Amino acid sequence: MVDKVTWQQAGLTEPGRYMFRFGWLTVTAEDLAVWQKLPNAAFSLVRTTATTDAGEEFRLGAFELREDLPLGEK
């Protein structure tokens, strides 16, 4: 199970709801703004109360800075 996601892994440039291997992920403009300022940020996945027939639903929660990624890599 994935518990954190980075910009490099997500590869997103627009807010929205996206399907990943672990389920649906909703990303806001504010989440993307953090990744633009801090490209090495790894967000925790927070399961929402909504579960659909298509799978589990997640949003991005708290983030930590990862030093194991080259700066600016996305």
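The values are calculated or read from the model by the stated rules, or taken from the named source; none is laboratory data. Since the structure is predicted, the reported quantities are computational estimates derived from the model, not experimental observations. Reconstructed Cβ throughout: ideal geometry from the backbone, glycine too, with neighbour counts over all protein chains shown. Heads up: the accessible areas ignore ligands, DNA and RNA and are worked out on the full protein's heavy atoms, side chains in. Shrake-Rupley method; radii C 1.70, N 1.55, O 1.52, S 1.80 Å.
A few remarks follow.
- Working note: Debye formula, equal point scatterers on the alpha-carbon atoms of the range 1-42, no solvent; log10 I(q)/I(0) at q = 0.17, 0.19, 0.20 Å⁻¹ is -0.42, -0.52, -0.58.
- Area of Glu57 that stays accessible when all protein chains are in place (1.4 Å probe, Å², to 10): 20 Å²
- Sites listed here are chymotrypsin sites (Phe, Trp or Tyr not before Pro) in the range 1-65 whose DSSP assignment is loop and whose Cβ has at most 11 other Cβ atoms within 10 Å, and the list is empty.
- Viscosity 1.306 mPa s, temperature 10 °C, Stokes-Einstein D of the chain from Kirkwood C-alpha radius, µm²/s: 127 µm²/s
- On full extension, the segment bounded by Leu38 and Ala54 gains 2.6 nm, given 0.36 nm per residue less the C-alpha separation.
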